[in-house]
1. Of all the residues that make up region 141-162, how many are of a type in the set (A, V, I, L, M, F, W, C), surrounded by 21 or more Cβ atoms within 10 Å (Cβ to Cβ) and part of a loop (DSSP other than H, G, I, E, B)?
2. Can you confirm whether region 129-138 contains a residue that is at pLDDT below 95 and of a type outside the set (A, V, I, L, M)?
3. If I ask for residues that are touching a strand residue (DSSP E or B) at 6+ places or on another chain (Cβ under 8 Å), of a type outside the set (S, T, N, Q) and either over 19 Å from Gly210 (Cβ atoms) or in a loop (DSSP other than H, G, I, E, B) (or both), which ones from region 163-184 would you list?
4. Does region 169-208 hold any residues that are more than 15 Å from Asp137 (Cα to Cα), basic (Lys, Arg) and either surrounded by fewer than 19 Cβ atoms within 10 Å (Cβ to Cβ) or at pLDDT below 95 (or both), and which are they?
5. Looking for something of a type in the set (S, T, N, Q), more than 17 Å from Arg195 (Cβ to Cβ) and under 18 Å from the mean Cα position of the chain (by Cα) - is there at least one such residue anywhere in region 41-63?
6. Right, Arg10: in a loop (DSSP other than H, G, I, E, B) and touching a residue at least 12 places away in the same chain (Cβ under 8 Å) or not?
7. Could you grab me the full set of residues in region 118-139 that are of a type in the set (A, V, I, L, M) and closer than 15 Å to Val216 by Cβ?
Amino acid sequence: MSRPRISHNRHPGWPWDEIYVVNMKSSRDRWETIEKSLRANGINTKDIRYDAVVGKNLDLHQMIEDGKILRRWFEHSGDRAAKPGGIGQYMSMIGVFKDALLKGHERILFLEDDQVLKRGFKQKFWQAYNELPADWDIFYLATNETPSAVPKIPGKKHLRKCFENDRTRNKDGNQGFIINRKAMKEFINRSFPIRDASDVFLIYEIILEGRADAYVAYPYLIKEFDTPSTIG
């Protein structure tokens, strides 16, 4: 018998069932900054903080032996994502998605803890959101792509199609997005062995492979604040 969905929307007036802000216990200052920004925009911040997985506490070599991390990538890529902090970040995203699916959420807002909402967030959010097609899967509030280089969509003023310009640099970014059950399942089903950063994997293995349809708000709706990186 399948588990009944128990989703209860604690965020009336917003198009997500739950918010997950991934934050390390040691980064209290980050949490306080993003919480203040969300509350200033009328967003409920109760119980939205999600304990980030601490990479240095993981047995990475056992994960390699168990086939959860691709050995040649981990040992030879030189990628920051292959360090403990990057693996912890990846496992945090898996944890969020599994928790959201278990609780029956249809859509969640995923946020990293080094972001704040831009001025006029609510109005600009709905301007972009209302332009989304019916079959969208992921709606980014921002990415690392240069905004002006992201392809325009005919008839859409506040929405663009992210990651499709081959000449665009920085096709990455986990800053913040709304994601549905379908896309979360696609990520989890293909998540091991870990072989890239979580944001890059989501973009290249899920979105650009046609497994999820993604869009980004224009102009971007969130921005990074000045804080040291917690990725080792």
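1. Step one: list which residues in region 141-162 are of a type in the set (A, V, I, L, M, F, W, C), which gives 141-142, 149-150, 153, 159, 162.
With surrounded by 21 or more Cβ atoms within 10 Å (Cβ to Cβ) added as a condition, the list becomes 141-142, 150, 159, 162.
Checking the rest, the ones that are also part of a loop (DSSP other than H, G, I, E, B) come to 150, 162.
Counting residues in region 141-162 that are of a type in the set (A, V, I, L, M, F, W, C), surrounded by 21 or more Cβ atoms within 10 Å (Cβ to Cβ) and part of a loop (DSSP other than H, G, I, E, B) gives 2.
2. Among the residues of region 129-138, not one is at pLDDT below 95 and of a type outside the set (A, V, I, L, M), which makes the answer no.
3. Phe163, Gly173, Gly176, Ile178
4. The answer is Arg169, Lys171, Arg190.
5. Yes: region 41-63 contains one or more residues that are of a type in the set (S, T, N, Q), more than 17 Å from Arg195 (Cβ to Cβ) and under 18 Å from the mean Cα position of the chain (by Cα).
6. In short, yes.
7. Hits for region 118-139 are Ala128, Leu132, Ile138.
Here is a yes/no grid of residues against (1) among the acidic types (Asp, Glu); (2) in a helix (DSSP H, G or I); (3) at pLDDT 95 or above:
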{"position": "Phe74", "(1), (2), (3)": "no, yes, yes"}
{"position": "Gly78", "(1), (2), (3)": "no, no, no"}
{"position": "Gly88", "(1), (2), (3)": "no, yes, yes"}
{"position": "Gly95", "(1), (2), (3)": "no, yes, yes"}
{"position": "Lys98", "(1), (2), (3)": "no, yes, yes"}
{"position": "Leu109", "(1), (2), (3)": "no, no, yes"}
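The values are calculated or read from the model by the stated rules, or taken from the named source; none is laboratory data. Note that the structure is a prediction, hence the values are computed from the model and not measured. Neighbour counts run over all protein chains shown; Cβ positions are idealised from the backbone, glycine included.
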